[in-house]
Amino acid sequence: MADNVLDKIYDPTHVEDKWYSVWENNGSFAPDENSLDPSFTIMIPPPNVTGILTIGHVLNNTLQDVLVRRARMQGYNTLWLPGTDHASIATEAKVARNLKDLGKDKRDLGREVFLTHAWDWTEKYGGIIIKQLKKLGCSCDWSREQFTMDDDYSHAVLESFVRLYNDGLIYRGERIINWDPVGLTALSDEEVIYQETKGHLWYFKYPLKDSDGSVIVATTRPETMLGDTGIAVNPDDVRYEKLVGKSVILPLVGREIPVFSDNYVDKDFGTGCVKVTPAHDPNDFDMGERHGLEVINILHQNATLNENVPEKFRGLDRYDARKAVVKDMEALGLLVKVEDYVNNVGHSERTDAVVEPYLSKQWFVKMKPLAGPALKAVKEGRVSFFPSRWVKTYDHWLENIRDWCISRQLWWGHRIPVWYCVGDDHCLLECKEPIVSVLPPEKCPHCGSTNLAQDEDVLDTWFSSWLWPLATLGWPNDTKDLKRFYPSSDLVTGPDIIFFWVARMIMAGLYFKNEIPFERVYFTGIIRDNLGRKMSKSLGNSPDPLDLIATYGADALRVGLLIIAPQGNDILFNEDDIEQGRNFMNKLWNSARFVLMNLDDDLPCDISQVPDGHLDTTDRWILSRLNHTIQQVDIAYSRYRMNEAVKLVYDFAWGDFCDWYIEFAKVRLYGNDTDARKTAQSVSVTVLKTIMKLLHPYAPFITEEIWSKLNSDDEVTLIHSPWPVAAENLIREDIETDMQVIMDLTQAIRNVRIDLNVPPGKQAALMIRGSEHMIAKVIANKDYLCRLARIGDFSAGESLEKPHHAATVVVHQMEVFVPLEGLIDINDEIARLKKQIADMDGRLKAVNGKLKNANFVSRAPHHVVEHEQIKQAKYAENLQKLQENLKSIEE
């Protein structure tokens with residue numbers, strides 16, 4: 001087997017580049033066009049076209065790859081469809097910033113020239129993340145890669161708009177929307193991030209008309225008073241019942257505005273009197289509609305004040321206007337008081353600008369008719385969430401859903417397929433109706449004019465993304481791919497886009513196809529640093545995944561990250577976990593190399609061909625543990641607990657196989673008994689090959705390399721080999737229990753030897769006192785115990801007396817004695833232990849002193865205090881062990 005021996009040192013870069021090239025060249029990632037096997041489909045959550053790989057992408061895409069690779073091995077006809085999103089706001093902002101650096105303004109260039117620059121930018125920088133995903137090992141069918149601005153995809157987006165419009169579910173209306181004054185575009189509710197902000201509550205007096213009295217109102221936004229058109233009180237508030245129907249004179253403006261009652265008003269907020277600004281607050285807008293108030297917009301799109309305010313305020317930024325209003329109100333004696341106030345202030349997800357509620361004419365989707373079927377699909381279990389706690393969040397949002405503002409004042413994106421007749425003298429009344437069409441109309445259908453203007457706005461990026469499971473497979477055409485791969489099987493995504501994307505995809509699938517878009521949704525957690533902060537570039541606490549891959553290897557990154565990623569819970573990232581992944585890869589490599597170096601010229605026969613009588617207890621034990629592990633792994637997958645699945649494989653491979661079985665097998669591998677040697681070889685190779693299968697979804701590169709050495713050239717690659725099925729007849733709970741006793745005894749004796757500084761090569765005596773039943777288990781397997789624990793003299797029985805000067809441990813209700821005379825110099829060991837106890841006691845007292853110091857605990861950074869607490873626990877544990885060892889010797 002000289003040709004099949006692995007290199008002495010594992011080089012992940014060489015192995016990763018080699019096998020990814022092999023898989024791509026062999027078409028390993030593409031589904032079989034002629035297959036009759038059931039399909040398994042995953043749609044990648046499309047990253048921004050100009051984005052780069054983050055540690056969050058690593059988690060999300062590794063989980064998808066795990067599911068796809070396992071399904072492929074299970075015999076499904078798999079499709080993992082990749083692609084990127086055009087990301088209207090983010091991409092347009094980047095292109096505009098780049099042009100600004102070149103001294104160019106997008107408005108001066110005009111729409112068509114700007115779009116040329118946007119496409120050039122996308123061509124140059126787009127797709128970098130796709131190359132990075134390949135480096136991670138993602139087994140997507142790259143031949144089907146999609147971009148949301150591709151022609152076919154764009155056609156699907158426009159078709160969906162036209163259908164919804166024709167069905168009465170899209171309308172254009174003037175509503176209060178979220179306005180980004182930096183991005184100069186409308187935002188949906190889900191694109192607004194609320195941040196707790198310390199502000200103020202100003203109390204102003206508004207004089208009553210024809211009276212010396214006044215009304216006191218409280219506001220967090222004084223500048224908006226310039227657009228007030230009413231004062232509202234609660235109808236049940238007896239304090240103000242005589243004011244209803246009267247009018248006040250709006251200070252600084254001089255406008256007469258009415259006092260009215262409305263159930264919306266909270267009697268306990270401020271004074272119970274609320275200033276009403278219908279153009280700049282959604283609730284005020286609703287009250288204004290109910291009571292016929294005038295709607296006065298006081299802001300330009302960039303949040304400076306417009307011509308609808310007194311001249312001295314015109315052109316001021318909203319915050320400068322706020323200061324000016326407060327100053328003038330104070331000068332007039334109309335500022336009553338100012339209170340500190342904590343408020344949730346909305347910020348644009350993209351630009352971080354404070355969002356303005358703004359009256360604007362926009363396009364909306366009626367959501368309630370779409371939300372009902374989507375709610376029902378999840379409640380009936382047709383779509384399952386993992387973890388299930390997200391169902392409550394999903395239900396709450398859909399049950400309280402508002403219409404979706406889908407128009408954006410941008411140029412990069414899908415332009416709204418609406419035209420307006422700007423014709424001539426022949427225009428008819430009907431010409432005012434928008435012309436909605438996928439293809440540009442040649443003329444006005446009412447008057448025949450060819451003078452048409454298309455709507456300037458583009459569609460919200462999420463309006464194209466909600467079609468992702470459909471449009472990527474050819475919808476609205478009834479394609480072969482759509483029939484075969486829709487609905488998809490699993491979706492892996494973050495809970496932060498459950499509203500943006502997940503819910504809307506369910507709505508779109510049910511509306512346009514009358515089918516759910518996917519069967520299961522796995523929500524990942526958020527990756528945080530060891531201080532609990534969300535990892536981000538702005539904080540400088542997020543490592544570059546490509547640097548981690550270069551340092552540790554892609555497999556180590558994948559395994560290290562997933563082991564610490566429990567279903568749906570946040571993850572505390574530490575690079576030590578990735579190093580743990582690398583250590584595991586090295587352990588596998590070295591163990592596989594050992595097995596291969598101890599094979600004969602030919603590969604050993606399959607375990608099924610080994611006569612049953614040739615299997616010894618350790619063979620039966622490892623085969624039982626292997627099949628037990630297969631069962632547990634399958635259960636973990638069925639519950640979408642991928643971290644548990646990989647941990648089960650990790651523990652079995654490292655612990656049961658590498659640390660124990662290989663040690664058990666060495667006697668036979670090195671011995672002269674041919675049958676025993678061949679049996680150990682067959683079992684070793686069988687178990688190792690199965691480990692490669694179980695681990696392949698998580699660590700595809702190293703497993704494929706080791707697999708190639710364990711098989712003849714004509715066997716299929718691991719990526720297409722069958723997923724292991726547990727052989728229940730090989731599971732022996734009794735043998736597993738008996739061998740666990742031997743392993744626990746061995747480990748306990750090894751620990752005694754280490755604690756007492758016994759030279760590794762020196763054999764010790766062993767005496768065990770316990771029940772007849774337990775002693776029988778030990779004696780049946782004592783050869784393994786004596787060899788692995790370096791035991792010479794061995795004795796066991798129910799009534800053995802404890803020897804003088806012996807280390808004692810209790811294992812499985814058995815007293816285990818290791819006589820020390822002749823093994824160590826007892827006096828020297830007592831002196832050594834006393835010295836170590838004194839040193840450890842001093843360390844513990846020092847750290848105890850720190851942690852008893854209230855000033856230190858309250859003022860030191862949290863991670864410093866936590867570090868001292870870890871040291872305290874470690875020193876206390878070590879001190880206890882040393883004291884127990886000393887007591888054992890002295891007794």
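The values are calculated or read from the model by the stated rules, or taken from the named source; none is laboratory data. Source: prediction; values computed, not measured. With ideal geometry, Cβ positions are generated from the backbone for all residues, glycine too; neighbour counts draw on all protein chains shown. The accessibility values were calculated without ligands, DNA or RNA, using every heavy atom of the protein model including side chains. Shrake-Rupley method; radii C 1.70, N 1.55, O 1.52, S 1.80 Å.
Some values worked out for this structure:
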{"read-out": "Nearest-10 value in Å² for the accessible area of Arg163, using the 1.4 Å probe", "value": "80 Å²"}
{"read-out": "Sites matching GluC sites (Glu not before Pro) across the stretch 294-366 that sit in DSSP coil, with at most 15 neighbouring C-beta atoms within 10 Å", "value": "Glu294, Glu307"}
{"read-out": "Two-site FRET efficiency, Asp659 against Glu772, from Cβ-Cβ distance with R₀ of 35 Å, rounded to 0.05", "value": "0.70"}
{"read-out": "DSSP beta bridges in the chain [antiparallel fraction, %, rounded to 5]", "value": "70 percent"}
{"read-out": "For the stretch 11-67: rounded, prolate or oblate by the Cα gyration tensor [a/c cutoff 1.5]", "value": "oblate"}
{"read-out": "Per-pair calculated FRET efficiency, R0 = 60 Å: Asp210 and Asn400 via Cβ, rounded to 0.05", "value": "0.90"}
{"read-out": "Loop-located GluC sites (Glu not before Pro) in the stretch 96-187 whose Cβ has at most 10 other Cβ within 10 Å (DSSP)", "value": "none"}
{"read-out": "Accessible-area value, Glu356, 1.4 Å probe, nucleic acids and ligands omitted, Å²", "value": "10 Å²"}
{"read-out": "Solvent exposure, largest accessible area first (probe 1.4 Å, DNA, RNA and ligands not counted), of Lys8, Lys513, Lys198, Lys246", "value": "Lys198, Lys8, Lys246, Lys513"}
{"read-out": "Degrees between helix 318-331 axis and first principal axis of the chain (Cα, 0 to 90, nearest 10)", "value": "60 degrees"}
{"read-out": "Other-chain or far-sequence residues with amide H under 5 Å of Gly83's (modelled H)", "value": "Gln146"}
{"read-out": "With Cα atoms, 0 to 90° folded angle of helix 700-710 axis to the chain main axis", "value": "30 degrees"}
{"read-out": "Residue order for His57, His446, His347 - accessible surface, 1.4 angstrom probe, largest first", "value": "His446, His57, His347"}
{"read-out": "Asn853-Lys312 pseudo-label distance in nm [points 7 Å out on the Cα-to-Cβ vector]", "value": "5.9 nm"}
{"read-out": "Label of the coordinate-derived value, Rg/Rh (Cα atoms, Kirkwood Rh), listed as (i) 1.09; (ii) 1.03; (iii) 0.95", "value": "(i)"}
{"read-out": "Too-long pairs where the Cα-Cα distance tops 20 Å, listed order kept, from Lys647/Lys689; Lys845/Lys871; Lys275/Lys337; Lys366/Lys432; Lys762/Lys782", "value": "Lys366/Lys432"}
{"read-out": "Ranking by accessible area, most exposed first, for Ile176, Ile571 with a 1.4 Å probe", "value": "Ile176, Ile571"}
{"read-out": "Residues of the chain: accessible area per residue with a 1.4 Å probe, Å²", "value": "45 Å²"}
{"read-out": "Over 18 Å (Cα to Cα) - which of Lys135/Lys534; Lys205/Lys327; Lys209/Lys242 fall in this group", "value": "Lys135/Lys534"}
{"read-out": "³J(HN,Hα) computed for each position of the stretch 386-396 - Karplus, 6.51 cos²θ - 1.76 cosθ + 1.60, integer Hz, glycine/proline x", "value": "10, x, 5, 4, 6, 4, 4, 5, 4, 4, 4"}
{"read-out": "Karplus-derived 3J(HN,Hα), 6.51/-1.76/1.60, for each residue of the stretch 179-187, Hz, glycine and proline x", "value": "10, 8, x, 9, x, 6, 8, 6, 10"}
{"read-out": "Computed helical MRE - 222 nm, the chain, DSSP H runs ≥ 4 contributing -39500 (n - 2.57), nearest 500", "value": "-13500 deg cm²/dmol"}
{"read-out": "Accessible surface of Thr13 - all protein chains present, 1.4 Å probe, nearest 10 Å²", "value": "70 Å²"}
{"read-out": "Angle between the chain longest axis and helix 12-25 axis [Cα atoms, degrees, rounded to 10]", "value": "70 degrees"}
